[in-house]
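A.B. asks: One structure, pasted below without further comment.
The values are calculated or read from the model by the stated rules, or taken from the named source; none is laboratory data. Not measured: the values here are computed from a predicted model. Neighbour counts run over all protein chains shown; Cβ positions are idealised from the backbone, glycine included. When the accessible area is computed, the model is the full protein with side chains, heavy atoms only, and any ligands, DNA or RNA have been set aside. Shrake-Rupley method; radii C 1.70, N 1.55, O 1.52, S 1.80 Å.
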Amino acid sequence: MSNSPGLALAGQPGVNDDIGEETRLKLYHSQVVIREAEQRAFDLFLQNLVKGTSHLSLGQEAIAAGFGVAMQKGDLTFATYRGHAHTLARGVPVEKMLGELMQRDNGLMRGKGGSMHLASEEHGVMGSYAIIGAHLPIACGAALRAQYRGDKDVSVCFFGDGTTNIGAFHEALNFAAIWKLPVVFVCENNLYMEYTPISEVTAVEHPAADRASAYGLPRIVIDGNDADVVYREAQKAFAKARAGDGPSLIECMTYRHSGHSRADPAKYRPEGELERWKEKDPIKVYRARLKQFGISDEAVKKIDAEVRKMVDEATEACKAAPEPSTDILFTDVYADGGWAWRN
Amino acid sequence: MAEITYRDAVARGIAQEMARDPDVIFFGEDVAKAGGVFKATVGLYEQFGPRRVRDTPISEQAILGAAMGAAMTGLKPIAEIMFSDFIAVCFDYIANEFPKSRYMTNGQTKCPLVVRTGNGAGSRFGAQHSQSVENWCMMIPGLKVVAPSSPVDVIGLLAAAVRDPDPVIFFEHKSLYAVKGEVPDGEILDTLGTAKVLRPGKDATILALALMVPRALAAAEQLKAQYNIDCEVVDVRSLVPLDTQTILGSVGKTHRLFTVEENPRLCGWGAEIVSIVVEEAFYDLDAPPVRITTPHIPLPAADILEDMVLPTTERIVETVRKSLNS
Ligand SMILES: Cc1ncc(C[n+]2csc(CCOP(=O)(O)OP(=O)(O)O)c2C)c(N)n1
Ligand SMILES: [Mg+2]
């Protein structure tokens, strides 16, 4: 298992101009939204305004952004408890996400789901799943529906390195492969499960990619901190899925800057590891990329300022929002809107 | 009218729903070309083809997970788990995923699916292929749980389950597959959440489910013939939603309650019903309710042993007689 960035990465940061300025600005914007919102979630947690738990994607923004920008309307996102980033990347307003973390009435699910279960069907976010591996088969089912009906949408399923060792991962990959389902499995290899390095508990170096051949899929490992690389790989996988050529499994090398969850100070990291990865901070990488393509500092600063202002406003709106009404306690257990289990 | 088996009723029920709704698809292990290990789905593959009737790998999590993903996005899948004991390897979907997604998302998502599964003892298959596990599902908020006892109920309740907008776990009893019953021609559609009074009576209410229903009916006939005890037999049919009104109404008339349960004793469905009756109709009762269950042990395989632990007609007769004579 290579712990240093840049090693054994199949994709190289492209310098050709296939992506273009408009898309690059979208990729940057999306990453900054995620960065600012996640940082704000952390600050609000320190102020005791974010309740329960929360799992941040600080340092992993390029993956959610790269896929999010490549996805089309109608494509479906299946995320994990570490799903704020993927939810925002589909255009869900920051206020709705922060409101849910703060358990306010303006939250995505009005406080009924909490940080680990963000969903917004209208944005194609089909849920965030907190049981490791559960959503890989579920994504297969959504893809089966697309295939059965001739719909052209793709289901995209995000999960961590640790998820590759649970049975549902293997069942889902085989299922998707035998039926050539239009599903893209995205493994965000951030080198750790909760606290244990994935390399200590996995038989192969690349926990997802090295298993791909067992399902007849190509081995794909990419630099998950470079949004251009992620975007290109996403485009390829989506084209394959839409053409009826079946699933992809993409392992994105990355690193989380924060602990596993809000309670984790991440003392288990070897000295210098975080600092090395911060050199490859996706936002930093992308600012350099924009510069390389002649996008002005002013344009970048303008995006930064706009996003900051938007997150500030969202924060104030959440602080002002009431707690959820207790009327919703007994709603939506069943499809009739109620919870009656007897007459 | 025709006389068909409970087994053939399963295939007829699925076919009825697949023919009327192209959103219904069906998959599971060995269900398509082979027609199922219990031959309950013979002919569906030939009738509806490989897009709608599919053989899956031995991947219970993928089967249920895929059913959920398809249901969330617009289909009405029927998934088979070959033996209900195997629910234990995909319990996450039953316990955490199907029943919680609508609530957690504040009503955004839906999950209209049916899990059919072969439940119960009588085949001498031993402790991992014979259990009655309907109570594993009954305890989870957000699910519906059904267990028919006759061919006509199989068709009607399966149709209701497929058309229901919530996740339904449909327990077919393996020892009833060969049992025959009269079934009307044409479409059959029943209602979830309804118990059925199969035999009216005035001296005692006997509640039963699935394989225990024919045993309770036989016991009621013997009790009448031998001891002039007139029992009302109620087929509970649907554990969730639970038709407590029919049950309370029957107890209000007979003043005595017996449950006949194949599940092991602790937290069996009868415990919940007894608690409801005691809380809400205590003064209707002339005697303590009595639960007739499988004892709290794993199921043995040998005929002589398995027969001793399942509630039998004789045990029901004896228990009711003793209780009413004391
Ligand atoms: C079935 C199951 N087992 C264990 C857990 C507890 N748990 C939550 S997150 C986590 C680590 C997951 O690691 P990984 O898949 O690498 O994702 P990451 O958190 O790094 O994004 C564990 C063990 C769980 N939620 N579900
Ligand atoms: Mg990880």
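A.B. asks: Rounded to the nearest 10 Å², what accessible area does B:Leu324 show when all protein chains are kept and the probe is 1.4 Å?
C.D. replies: Result for B:Leu324: roughly 40 Å² accessible.
A.B. asks: OK, next. What is the Rg over Rh value, at two decimals, for the protein assembly as shown, using alpha-carbon atoms and the Kirkwood definition of Rh? Kindly include the intermediate steps, with their values, before the conclusion.
C.D. replies: Numbers: Rg = 28.1 Å, Rh = 26.9 Å.
In the protein assembly as shown, Rg relative to Rh is 1.05.
A.B. asks: Run the quick spin-label model on A:Thr331 and B:His296: label points 7 Å from Cα toward the beta carbon, then report their separation in nm to one decimal.
C.D. replies: That separation, rounded to one decimal, is 4.1 nm.
A.B. asks: Now for a different question. Taking every residue in B:236-245, how many Cβ atoms of other protein chains lie within 10 Å of its Cβ, on average? Mind showing how you got there, number by number?
C.D. replies: Details: counts 0, 0, 0, 2, 4, 5, 4, 2, 3, 2.
Shielding by partners across B:236-245 averages 2.
A.B. asks: On the protein heavy atoms, probe 1.4 angstrom, tell me the percent of accessible surface of chain A carried by carbon and sulfur. Can you show the working numbers first?
C.D. replies: Values: 6850 of 13030 Å².
The nonpolar share, carbon plus sulfur, comes to 53 percent.
A.B. asks: Based on the Cα atoms of the stretch B:196-325, what semi-axes does the equivalent ellipsoid have, where each is the square root of 5 times one gyration tensor eigenvalue, given in whole Å with the largest first?
C.D. replies: On the way: eigenvalues 96, 62, 33 Å².
Listed largest to smallest, the semi-axes of the stretch B:196-325 are 22, 18, 13 Å.
A.B. asks: Counting helices only, and only those DSSP H runs with n ≥ 4, report the 222 nm mean residue ellipticity of chain B as the sum of -39,500 (n - 2.57) divided by its residues, in deg cm²/dmol to the nearest 500. Present the calculation step by step, with values, prior to reporting the outcome.
C.D. replies: Working: 11 runs with 115 residues, N = 326.
The per-residue figure over chain B is -10500 deg cm²/dmol.
A.B. asks: While we're on this one: Would you please name the GluC sites (Glu not before Pro) within the stretch B:177-223 that are DSSP coil residues with at most 15 other C-beta atoms within 10 Å of their C-beta?
C.D. replies: On the way: sites: B:Glu182, B:Glu187, B:Glu221; in loops: B:Glu187.
Answer in residue order: B:Glu187.
A.B. asks: Mind giving me the FRET efficiency for A:Gln72 and A:Met310? R0 is 25 Å, r the Cβ-Cβ distance, nearest 0.05 is fine. Could you put the intermediate results ahead of the total?
C.D. replies: On the way: r = 24 Å, r/R0 = 0.96.
Calculated transfer efficiency: 0.55.
A.B. asks: Please report the orientation-averaged projected area of the stretch A:17-56, defined via the convex hull of its C-alpha atoms, in nm². Mind dumping the intermediate values first?
C.D. replies: Numbers: hull surface 13.2 nm².
Reported value for the Cα convex hull: 3.3 nm².
A.B. asks: Could you tell me the calculated FRET efficiency between B:Asp284 and B:Met1, based on Cβ-Cβ distance and R0 = 45 angstrom, to the nearest 0.05?
C.D. replies: Values: r = 38 Å, r/R0 = 0.85.
In this case the efficiency is close to 0.75.
A.B. asks: Another question, then. Leaving ligands, DNA and RNA out of it, rank A:Tyr255, B:Tyr103, A:Tyr195 by accessible area with a 1.4 Å probe, largest first.
C.D. replies: Working: A:Tyr255 0, B:Tyr103 65, A:Tyr195 105 Å².
The most accessible residue leads, giving A:Tyr195, B:Tyr103, A:Tyr255.
A.B. asks: Once all Cα-Cα distances of the stretch A:208-286 are split into 5 Å bins that start at 0, what whole-number percent is in each one?
C.D. replies: For the stretch A:208-286, the binned pair fractions read 3, 13, 17, 18, 16, 14, 11, 6, 2, 0 percent.
A.B. asks: Over the heavy atoms of B:Lys202, what accessible area does a 1.4 Å probe trace out, to the nearest 10 Å²?
C.D. replies: Number for this one is 120 Å².
A.B. asks: Based on the Cβ-Cβ distance from B:Gln47 to B:Asp185, what FRET efficiency comes out when R0 is 30 Å, to the nearest 0.05? Intermediate results must be reported in sequence, preceding the final value.
C.D. replies: Working: r = 18 Å, r/R0 = 0.59.
So, using R0 = 30 Å, E works out to roughly 0.95.
A.B. asks: Work through the residues other than B:Asp55 whose Cβ is under 13 Å from its Cβ and net out their charges, Lys, Arg +1 and Asp, Glu -1.
C.D. replies: Values: positive: B:Lys33, B:Arg51, B:Arg52, B:Arg54; negative: B:Glu29, B:Asp30, B:Glu80.
It works out to a net charge of +1.
A.B. asks: How large is ³J(HN,Hα) for each residue in the stretch B:309-316, as worked out from phi by the Karplus curve 6.51 cos²θ - 1.76 cosθ + 1.60 (θ = phi - 60°), to whole Hz, x for Gly and Pro?
C.D. replies: 9, 6, x, 10, 4, 4, 5, 5
A.B. asks: Follow-up. Rank these residues by their accessible area, most exposed first, probe 1.4 Å: B:Glu46, B:Glu172.
C.D. replies: Details: B:Glu46 125, B:Glu172 0 Å².
Output order, biggest surface exposure first: B:Glu46, B:Glu172.
A.B. asks: Debye calculation, C-alpha points only, no solvent: report log10 I(q)/I(0) for chain A at q = 0.07, 0.11, 0.14 Å⁻¹, in the same order as the q values.
C.D. replies: The Debye formula, applied to the Cα set alone, gives -0.28, -0.70, -1.15.
A.B. asks: Out of residues 5 or more away from B:Thr259 or on other chains, whose amide H comes under 5 Å of its own, with H placed 1.01 Å from N in the peptide plane?
C.D. replies: Answer set, sorted by chain and number: B:Leu207, B:Val290, B:Arg291, B:Ile292.
A.B. asks: Would you mind checking the pairs A:Lys152/B:Lys110; A:Lys26/A:Lys73; A:Lys319/B:Lys110; A:Lys96/A:Lys152; B:Lys224/B:Lys253 and listing those with alpha carbons more than 23 angstrom apart? Spell out each step's value before the answer.
C.D. replies: Numbers: A:Lys152/B:Lys110 21 Å; A:Lys26/A:Lys73 15 Å; A:Lys319/B:Lys110 31 Å; A:Lys96/A:Lys152 28 Å; B:Lys224/B:Lys253 17 Å.
Exceeds cut-off: A:Lys319/B:Lys110; A:Lys96/A:Lys152.
A.B. asks: Provide, as a two-decimal number, the C-alpha radius of gyration of the stretch B:2-183 over 2.2 N^0.38 Å, N being how many residues it has.
C.D. replies: Working: Rg = 15.1 Å, N = 182, 2.2 N^0.38 = 15.9 Å.
With N residues counted in the stretch B:2-183, Rg over 2.2 N^0.38 Å equals 0.95.
A.B. asks: In terms of solvent-accessible area of protein heavy atoms at a 1.4 angstrom probe, what is the ranking of A:Met97, B:Met308, A:Met193, B:Met138, highest value first?
C.D. replies: Working: A:Met97 0, B:Met308 140, A:Met193 60, B:Met138 35 Å².
Order by accessible area, largest first: B:Met308, A:Met193, B:Met138, A:Met97.
A.B. asks: Amide H neighbours of B:Val37 under 5 Å, at least 5 residues apart or on other chains, H built in the peptide plane: list them.
C.D. replies: none
A.B. asks: With label points built 7 Å along Cα→Cβ from the Cα atoms of A:Glu273 and B:Ala218, find their separation and express it in nm.
C.D. replies: For A:Glu273 paired with B:Ala218, the spin-label model returns 6.5 nm.
A.B. asks: Compute, for A:Arg276, the solvent-accessible surface of its heavy atoms (probe 1.4 Å) with the complete set of protein chains present, and express it in square angstrom to the nearest 10.
C.D. replies: Near enough 110 Å² of accessible area.
A.B. asks: Could you compute how much accessible area chains A and B hide from each other, both sides summed, with a 1.4 Å probe? Nearest 100 Å² is fine.
C.D. replies: Numbers: alone 15100 and 13290 Å², together 24360 Å².
Looking at A and B, the buried total is near 4000 Å².
A.B. asks: How large is ³J(HN,Hα), in whole Hz, for each residue of the stretch B:207-213 in order, when computed from phi with the Karplus curve 6.51 cos²θ - 1.76 cosθ + 1.60 and θ = phi - 60°, using x for Gly and Pro?
C.D. replies: 9, 9, 9, 6, 4, 6, 5
A.B. asks: Can you work out ³J(HN,Hα) from phi for every residue in the stretch A:162-176, in order, using Karplus 6.51 cos²θ - 1.76 cosθ + 1.60 and θ = phi - 60°, giving whole Hz and x for Gly and Pro?
C.D. replies: Each residue of the stretch A:162-176 in turn: x, 6, 6, 9, 9, x, 4, 4, 6, 4, 5, 5, 5, 4, 5 Hz.
A.B. asks: Ranked from highest to lowest mean number of other Cβ atoms within 10 Å per residue, what is the order of the peptides A:205-212, A:267-274, A:98-105, A:67-74?
C.D. replies: Details: A:205-212: 21.6, A:267-274: 11.5, A:98-105: 23.9, A:67-74: 19.9.
So the peptides A:205-212, A:267-274, A:98-105, A:67-74, ranked by packing, come out A:98-105, A:205-212, A:67-74, A:267-274.
A.B. asks: For chain B, state the semi-axes of the equivalent ellipsoid (square roots of 5 times the eigenvalues of the alpha-carbon gyration tensor), sorted largest first and rounded to whole angstrom.
C.D. replies: 33, 21, 19
A.B. asks: Where the accessible area of the stretch B:196-325 is counted over protein heavy atoms with a 1.4 Å probe, how much of it, in %, is carbon and sulfur? Please report the intermediate quantities before stating the final value.
C.D. replies: Details: 3130 of 5340 Å².
C and S atoms contribute 59 percent here.
A.B. asks: Based on DSSP H runs of at least 4 residues, each adding -39500 (n - 2.57), what is the mean residue ellipticity at 222 nm of chain A after dividing by all its residues, to the nearest 500 deg cm²/dmol?
C.D. replies: On the way: 10 runs with 134 residues, N = 343.
After summing the helix terms and dividing by the residues of chain A, the value is -12500 deg cm²/dmol.
A.B. asks: Could I ask something else about it? Can you give the relative contact order of chain A as a percent, counting alpha carbon pairs under 8 Å and 6+ residues apart? Kindly include the intermediate steps, with their values, before the conclusion.
C.D. replies: Numbers: 653 pairs, mean separation 78.7, N = 343.
Across chain A, relative contact order equals 23 percent.
A.B. asks: Given a cut-off of under 8 Å on Cα pairs at least six residues apart, what relative contact order in percent is computed for the stretch A:74-130?
C.D. replies: Details: 117 pairs, mean separation 23.9, N = 57.
Relative contact order, the stretch A:74-130: 42 percent.
A.B. asks: A further question follows. Please report Rg over Rh for the stretch A:238-343, where both radii come from the alpha carbon positions and Rh follows the Kirkwood definition.
C.D. replies: Numbers: Rg = 22.9 Å, Rh = 20.1 Å.
Here the Rg-to-Rh quotient is 1.14.
A.B. asks: Hey, for a label at A:Gln39 modelled as a point 7 Å past Cα toward Cβ, could you say which residues of the stretch A:304-338 have their backbone N under 18 Å away?
C.D. replies: The answer is A:304-316.
A.B. asks: Residues of the stretch A:297-343 with accessible area at least 50 Å² lower in the all-protein-chain context than alone (1.4 Å probe)?
C.D. replies: Going by heavy-atom accessible area, the residues of the stretch A:297-343 that drop by at least 50 Å² are A:Asp332, A:Val333, A:Tyr334, A:Ala335, A:Trp341, A:Arg342, A:Asn343.
A.B. asks: Sequence-distant or interchain residues sharing an amide H contact under 5 Å with A:Leu76, placed H: which?
C.D. replies: A:Val154, A:Ser155, A:Val156
A.B. asks: Another one. For the stretch B:70-115, what does the alpha-carbon gyration tensor say about shape, rounded, prolate or oblate, given a ≥ b ≥ c as the root eigenvalues, a/c under 1.5 as rounded, and a/b over b/c as prolate? Write down the numbers at each step before the final one.
C.D. replies: Numbers: a/c = 3.82, a/b = 1.51, b/c = 2.52.
Since a/c reaches 1.5 but b/c is at least a/b, the shape of the stretch B:70-115 is classed as oblate.
A.B. asks: Over the stretch A:227-343, with the other protein chains present, what is the accessible area per residue in square angstrom, probe 1.4 angstrom?
C.D. replies: Working: 5930 Å² over 117 residues.
Here the residues of the stretch A:227-343 average 51 Å² of exposed surface.
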